[in-house]
Amino acid sequence: MARLQSLKPEKLYTRCDPGMFKFRTTAEVRDLKGVLGQDRAVAALEFGLGIDRKGYNLFAMGPSGSGKHSVARRFLDAAAADANRNGVFDWCYVNNFVDARKPALLRLPVGVGRKLRTDMDQLAADILTSIPMMFESDEYRARLREIEEEFTSLEDRPFEEMRKRARKRDISIIRTPAGLGIAPLHNGESLDHEVYEKLDEAEKEKINEAIEEVKKDLQELARQAPRWRRELSQRIRDLAREIIAVLVHSLLIDLRKDYAGTPEVNEYLDAIEKDVVENAEAFRQQQQAQEQPVQAAPTAPGFVVPAEPEGAREVVDRYRVNVIIDHGETEGCPVVYEDNPTYENLQGAIEHLTDMGALITDFTLIKAGSLHKANGGYLMIAARQLLTEPYAWEGLKRALLSGCIRIEPLGKRLSVLSTVTLEPEPVPLNVKVVLVGERRLFYLLQRHDPDFDELFKVTVDFEEDIPRSAPNMRRYAQMLATFARGEGLLPFNREGVARVIEYGSRLAEDAEKLTIQMLGIFDLAREADFLARQDSRKVITAEHVRQALQARDHRASRLPERMRERIHRGTVLLDTKGEKVGQINALTVYQLGGYSFGQPTRVTARARQGSGKVVDIEREVSLGGTLHSKGVLILSSYLSATFLPSDALSLMATLVFEQNYGGIDGDSASSTELYALLSAISEIPIKQCFAVTGSVNQFGEVQAIGGVNEKIEGYFDVCVAAGLTGDQGVLIPESNVKHLMLKDEVRAAVREGKFAIYPIRTVLEGIELLTGVSAGKRGKDGKFPEDSVYGKAEARLVSFNTVKTISTSKDTKENTTKAKSLTERKEKKA
């Protein structure tokens, strides 16, 4: 049996040679142009932002920290600065004088919205001040007096004629405070009651008949009076309309000239002119109210504020302009990043005010959403936040599919509110939407939402890492220099840059790669800068980077330290020396937020004669995930194919992660579990100084796993706490060697011969190292050597099958005897 060689120290860490850099500090390095390692994503962004077709919205996907937000925003800003502004407008809502519940929309050239709002505010103020002055003018008062005198004479003439007719009948019509009175005359004088009583009946009858005739005339006159008053009121209203029409026409002359090139505004001004004239009565009533005694509103002592009539102000408020989007100060096309994409924040909202317990609203309370703000430009939204907000995703899809934005209260859409609200005219939509999120969200939407592919045709896929080539490392240094200058950090020297690059490989979990998930790199740069300033240094060195990494680990290491303490105190059982049958140390990795750490755990296996089943206890109690169960099934298949291939195994085996009280998943321990099973079946002990990781396939090949650095370091820390003996080590898949970027302490222990790391290609290599016994290969006779691991395992499996055969034969004999006895009894009865 050949002794498997452990890895040399230089295989455990791939250094970056500072001599490859020609600068002394990053202060000498030019800024990085472009985006590091994202050629595919950049090409997709350029295509998606360049093509002007419906449905070519973008979904930028990639892991957290890959720069997808910042890169997408940078490209959006550049595209917006160079884009044609023909699709950018100011958007305003104004009153709909035909149906106030449906405010009208004005699309105006950029910068015109705010001017129109100012002009309309001034027009409203002019109307409020000029119209009362018109009603106070001599011309108006003279014409009003003419109308009143005309109608006064119209009323007086019939009355005088009626009085004359009454006197001819000896009847007098008298005006009293209570109205008109009728009295009989005698010799030109009023006839009192005593004289009337002395008259004979014929004279009384004559007087009564005269009085009745006069009453009829009065009643006829009374019936005509309301008509005369209506005619008078109508004449006065017509006069007010005429006066106001002249005034408002003069007020609008200059405005019409200013907005001659904007037909929408001129149509709106025509509507205002018509509405002001139609509401002339409200302004006239305002004037009458102002001529009444002033009612003071309560104020501070010594001040009196006149109460302003409501009617006229309510009318002129209808002429104001609600500019929901003003691009007067926007350079290029708008770029909007919506970090809180609720339904209302995207679609806009209609606000309400409370008045005497009732909710009221009008067109001035319409508020724009992000779609309005980005209209004609670009809208960037975080996909996760969008999908977690109720109805936000559906609202966005509806707007993109219909090509317009409808401001509709969510309560009305869900039919949970009966409040009467507005129905603003929809805004035509022309926007490029960029969703930013994880790959999982992209594929979930693509699979489950039938509209997704129609709306988001451009995929912007961001890489996680790049090859660790010399050109890429130099560009990495450029990127670090650019970031340091932008953040106001101290410059890095060459050794500091090299140490950051090495950490970039550690984050990539590959010594031949560099991570471009730059969040962790930039955080490290900030922390190293802090330590360098504390050290009163002018540059950041490799030592500052090392201290920053060490401090970061220390801040996050409370839990792994507690877990190692439990092992050291014997609370959690784990051996780092000695030998045990069916027991092995497995390596696991824990992920807590952004911090990963490794931890060894004991795996045990038991084997006896049985039905040929390998029982995964974790799976039986629902603590094992599907990938872990898959690994157990694979090792079961390996056993069946390797031992007694022509017979069914009569094996009953159990596997368990001891003292595991949480879930476990992944197949990285399948080779470990197979070693434990081989030990249990062959009854050959495994050296407890080793810990193992690696998955296995059906042919016994050990396959790569994730988190190899953390797993090795986790077991190393346990061994350090127990005391390094020089025998301890870790078995890893050979295909994981290129991923090793181990910390200094592990490399030092390997260099001193106190710890070892073994690359394993097959289960045969692993079981030989773990047991110190040859695994064994089938000879020409088809048998394994008797003293090998596989020879002893197969011999025991044969014994299991023999026991099963004897048991089966015995059962068959007993069953035959019982059947014969039963037949004889039946024959005797017959």
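The values are calculated or read from the model by the stated rules, or taken from the named source; none is laboratory data. Quick caveat: nothing in here was measured; it's all calculated off a predicted structure. As a convention, Cβ positions derive from the backbone with ideal geometry for all residues, glycine included, and neighbour counts pool all protein chains shown. Quick note on the areas: whole protein, heavy atoms, side chains included, nothing else; ligands and nucleic acids left out. Shrake-Rupley method; radii C 1.70, N 1.55, O 1.52, S 1.80 Å.
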Inset, instruction - Enumerate the pairs (first residue in segment 558-578 and within 11 Å of T601 (Cβ to Cβ); second residue anywhere and surrounded by 13 or more Cβ atoms within 10 Å (Cβ to Cβ) and among the aromatic types (F, W, Y)) with beta-carbon separation below 9 Å, excluding pairs fewer than 6 apart on the same chain, so at least 6 apart or on different chains. - result: M563/Y590; M563/F597
Legend entry - Matching residues in segment 689-703 - criterion: being in contact with a Lys or Arg (Cβ under 9 Å, 6 or more places away or on another chain) and open to solvent by 10 Å² or more (accessible area, probe 1.4 Å): C689, E701, V702
Legend entry - Odd one out for I405, checked against (1) surrounded by fewer than 21 Cβ atoms within 10 Å (Cβ to Cβ); (2) in contact with a Pro (Cβ under 9 Å, 6 or more places away or on another chain): (1)
Inset, instruction - Pairs only if they're at least six apart or on different chains, beta carbon under 6 angstrom, first in segment 94-123 and under 14 Å from E264 (Cβ atoms), second open to solvent by 80 Å² or more (accessible area, probe 1.4 Å) and of a type outside the set (G, A, S); list them, first residue then second. - result: N96/K102; A104/E425; L105/E425
Inset, instruction - Kindly indicate whether any position in segment 372-390 is among the hydroxyl-bearing types (S, T, Y), over 19 Å from G437 (Cα atoms) and either at pLDDT 95 or above or surrounded by fewer than 15 Cβ atoms within 10 Å (Cβ to Cβ) (or both). - result: no
Legend entry - So S611, is it in a loop (DSSP other than H, G, I, E, B), more than 15 Å from L677 (Cβ to Cβ) and at pLDDT below 95: yes
Inset, instruction - Report yes if some residue within segment 560-581 is part of a strand (DSSP E or B) and more than 39 Å from the chain's Cα centre (by Cα); otherwise report no. - result: yes
Inset, instruction - With the condition kept exactly as written, say whether any residue in segment 359-366 is within 30 Å of H69 (Cβ to Cβ) and either of a type in the set (S, T, Y) or modelled with pLDDT under 95 (or both). - result: no
Inset, instruction - Might you check whether a residue that is over 51 Å from the mean Cα position of the chain (by Cα) and surrounded by 15 or more Cβ atoms within 10 Å (Cβ to Cβ) occurs anywhere in segment 751-763? - result: yes
Inset, instruction - Return only the number of the condition from (1) more than 18 Å from Y675 (Cβ to Cβ); (2) in contact with a strand residue (DSSP E or B) (Cβ under 6 Å, 6 or more places away or on another chain); (3) outside any helix (DSSP H, G or I) that I584 does not satisfy. - result: (1)
Legend entry - Top-ranked residue in segment 657-679 [being hydrophobic (A, V, I, L, M, F, W, C) and surrounded by fewer than 24 Cβ atoms within 10 Å (Cβ to Cβ); ranked as nearest to L764 (Cα to Cα)]: F657
Inset, instruction - Just need a number here: residues in segment 10-50 that are in contact (Cβ under 8 Å) with a residue 40 or more places away in the chain and β-branched (V, I, T). - result: 4
Legend entry - Whichever residue in segment 316-354 is part of a strand (DSSP E or B) and free of Cβ contacts under 8 Å to residues at least 40 places away in the same chain and, among such residues, is most open to solvent (accessible area, probe 1.4 Å): T354
Inset, instruction - Determine which member of the set L489, L519, L480 is in a loop (DSSP other than H, G, I, E, B) and either more than 30 Å from S735 (Cα to Cα) or open to solvent by 70 Å² or more (accessible area, probe 1.4 Å) (or both). - result: L489
Inset, instruction - Please work out which one of (1) under 39 Å from the mean Cα position of the chain (by Cα); (2) within 18 Å of F800 (Cβ to Cβ) is the condition L678 fails and give its number. - result: (1)
Inset, instruction - Determine which member of the set L524, L549, L531, L514 is at pLDDT 95 or above and outside any helix (DSSP H, G or I). - result: L514
Legend entry - Residues within segment 589-630 that are surrounded by 21 or more Cβ atoms within 10 Å (Cβ to Cβ) and of a type in the set (K, R), tallied: 1
Inset, instruction - Please enumerate the residues belonging to segment 700-738 that are in contact (Cβ under 8 Å) with a residue 40 or more places away in the chain and acidic (D, E). - result: E701, E710, E713, D717, D727
Inset, instruction - Would you please name the residue that is surrounded by the fewest Cβ atoms within 10 Å (Cβ to Cβ), looking only at residues in segment 730-750 that are in contact with a helix residue (DSSP H, G or I) (Cβ under 9 Å, 6 or more places away or on another chain) and among the small types (G, A, S)? - result: A748
Inset, instruction - Could you grab me the full set of residues in segment 743-754 that are over 23 Å from I567 (Cα atoms) and assigned to a loop (DSSP other than H, G, I, E, B)? - result: E752, G753
